[in-house]
1. Can you give the extra length, in nm with one decimal, that the chain gains between residue 105 and residue 723 once fully stretched, where that is 0.36 nm per residue apart less the Cα-Cα distance?
2. Arranged from highest to lowest average of other beta-carbon atoms within 10 Å per residue, in what order do the peptides 43-49, 480-486 appear?
3. Considering the Cα positions of segment 241-339, please state its Rg to one decimal place and its Dmax as a whole number of Å.
4. I need the fraction of alpha carbon pairs in segment 108-177 separated by more than 20 Å, rounded to a whole percent.
5. Hey, could you get me the Stokes-Einstein D for segment 27-136, Kirkwood radius over alpha-carbon pairs, 20 °C and 1.002 mPa s, rounded to whole µm² s⁻¹?
6. With a Cα-only, solvent-free Debye model of segment 698-742, what are the log10 I(q)/I(0) values at q = 0.19, 0.31, 0.34 Å⁻¹?
7. 7 Å from Cα along Cα→Cβ at both residue 151 and residue 282: what's the point-to-point distance in nm?
8. Order of 83, 56 from fewest to most other C-beta atoms within 10 Å?
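Every read-out reported here was derived from the displayed coordinates using simple, explicitly stated rules and does not represent laboratory data. These figures come from a predicted structure and were not determined experimentally. When we count neighbours, we look across all protein chains shown, and the Cβ atoms used for this are built from the backbone with ideal geometry, even at glycine.
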């Protein structure tokens with residue numbers, strides 16, 4: 001392909017070189033680990049993010065823009081609002097001036113950014129962006145590589161390569177850019193839902209007067225890729241305390257504190273190519289921007305590569321300017337090739353544990369993207385949880401039961417060292433949960449419905465206060481995960497020191513929360529919110545009662561394992577705890593039969609969750625089948641826009657019933673519109689853009705680990721609870737490098753010569 005040069009000379013750049021060059025063959029071989037954006041995604045682009053469990057950066061179409069970045073547990077505690085993630089200074093920005101315009105101020109169109117491809121390589125944990133920037137008569141080939149280090153978790157790097165088709169003066173600007181303070185603050189700790197809508201409408205009225213009538217009705221996303229409720233899911237603020245820069249050492253640094261929260265610091269060391277002509281460097285810094293700008297003379301057709309090495313920290317993990325400046329300089333001295341090679345090796349090691357489906361490449365990419373997002377939101381041997389929407393402001397970076405019941409189970413078999421961090425978060429925040437129980441007049445521990453990731457306190461917006469007060473199944477979800485970790489690890493010392501205190505405290509909560517009905521000789525749990533959250537203040541929600549029963553039985557079993565005398569009332573309450581059941585229909589009820597089940601919700605019914613793998617309420621096959629049929633009918637009749645978590649459980653339950661075709665159908669339903677382009681960012685429902693929902697990723701993966709295999713983690717070990725099923729479209733499913741009780745193995749579903757599905761276990765080769 002030919003480009004006209006400013007000098008009227010002609011230079012030939014092969015199209016392959018403009019795109020991926022020698023990596024094309026490799027990309028084809030590893031296609032199930034790669035997701036790409038092209039010009040077709042310019043109009044509808046759901047950004048991905050890169051993270052390592054400690055900090056993050058969001059992607060941008062150009063690859064060079066300042067983007068949202070967060071740090072684990074760094075929260076803004078503005079009075080009157082709920083806690084929310086404090087956006088750390090953006091570190092991804094590198095801007096390029098070609099003599100006529102700045103790259104980051106130009107339009108993103110196919111005519112301007114030509115031969116565009118941005119690729120998320122999940123196997124390497126690297127984002128690359130390549131295109132040719134056409135600016136009037138100038139052409140510049142652009143290549144950007146960005147990663148957040150998996151080996152040095154406080155480091156990241158972004159590298160820009162430019163190849164101009166002209167000779168002359170250009171400039172580059174490298175920045176640490178504080179994220180703007182929220183344009184508005186809503187008192188979400190105080191406002192009801194109608195008041196919240198009014199406040200949102202008022203904010204939009206100031207910004208977008210022409211849209212007032214529309215926006216006053218609902219919480220309307222302002223752009224096609226904005227999450228629903230985007231107006232309230234804004235990031236919090238880091239207040240800048242000091243900044244600085246060194247022209248001689250080519251360093252930038254910044255220090256700040258999240259509002260009423262922790263301190264943080266960030267530094268960048270800039271590496272320039274050797275032999276630059278006419279080089280001039282200048283720096284500037286203020287609370288609004290820290291920047292290093294260079295001017296130089298470029299030669300036509302020569303490539304120039306610039307790298308920004310970034311180090312970040314916070315209290316308990318660095319956090320001083322001196323430490324971060326030292327870290328950034330050390331990273332620059334180590335060179336990009338070394339850091340990138342170490343980072344890739346670490347990701348390749350993570351992928352030694354995998355889920356492989358033989359016969360469906362698109363599905364394989366979806367599996368890898370779901371596992372990728374879980375992995376980059378976790379860390380090893382910490383007590384940091386997985387927030388509901390990962391490193392994003394959605395759901396305020398708060399921690400729900402997703403952490404314990406949806407994200408934890410797939411990690412437990414594939415990456416138990418990362419699953420451990422999730423249960424350790426609950427131990428770390430046990431004191432806050434105990435204080436909350438006392439405040440409500442109960443014993444033991446009452447874990448929040450919506451927990452702050454740092455303090456473990458309840459941070460539910462007031463408009464959802466019924467969830468905070470009444471959606472209490474989270475306490476049992478926490479205990480079940482603790483017991484599952486013990487069963488999978490066999491670590492008796494961990495159970496004694498960490499797991500049992502949580503299990504015991506939640507059992508004590510239930511013992512104080514139940515009500516004994518002497519006329520029926522049973523225990524009941526009143527005034528709860530169902531997991532199908534439109535049903536509030538109901539009596540005897542079946543999932544809540546079944547989970548509480550399991551919690552009480554776990555506490556009894558854990559005490560006996562440890563040689564401790566369990567409370568006699570735990571088992572007594574569990575045996576007499578009422579779980580609503582229709583004898584006439586031979587199925588479970590969602591809750592008390594006195595309560596109509598007729599609301600249009602995003603689940604229809606939560607009854608299928610009684611078959612959830614970590615709960616798996618004992619029942620006959622006929623009752624299980626009747627429950628499933630009722631759930632499907634409710635979905636069809638009462639659910640205009642289903643939550644993906646429900647569909648995941650319908651697939652699991654169909655597999656429990658041996659329904660191969662049905663399980664595959666429900667699994668397919670969990671792809672489709674839930675996977676937003678181009679990077680398989682999952683949304684809560686098909687019709688809303690509430691994205692980065694990790695519970696739906698975890699639920700999707702559980703289909704392969706516990707659904708099709710029928711495997712269950714029991715007191716006796718990892719064993720088949722149901723016959724395995726293998727959809728006809730697949731040749732085999734392999735759970736690769738599973739780790740359970742100090743043993744590593746592959747677990748394979750395949751067919752024998754007669755076509756019968758068989759499960760086999762093999763030592764890891």
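1. Numbers: separation 618, 0.36 × 618 = 222.48 nm, distance 5.82 nm.
Gain on stretching residue 105 to residue 723: 216.7 nm.
2. Values: 43-49: 19.0, 480-486: 25.0.
Ranked from most to least packed, the peptides come out as 480-486, 43-49.
3. Cα only, segment 241-339: 15.2, 52 Å (Rg, Dmax).
4. 42
5. In µm²/s, the coefficient is 135.
6. The Debye formula, applied to the Cα set alone, gives -0.65, -1.28, -1.30.
7. 3.9
8. 56, 83
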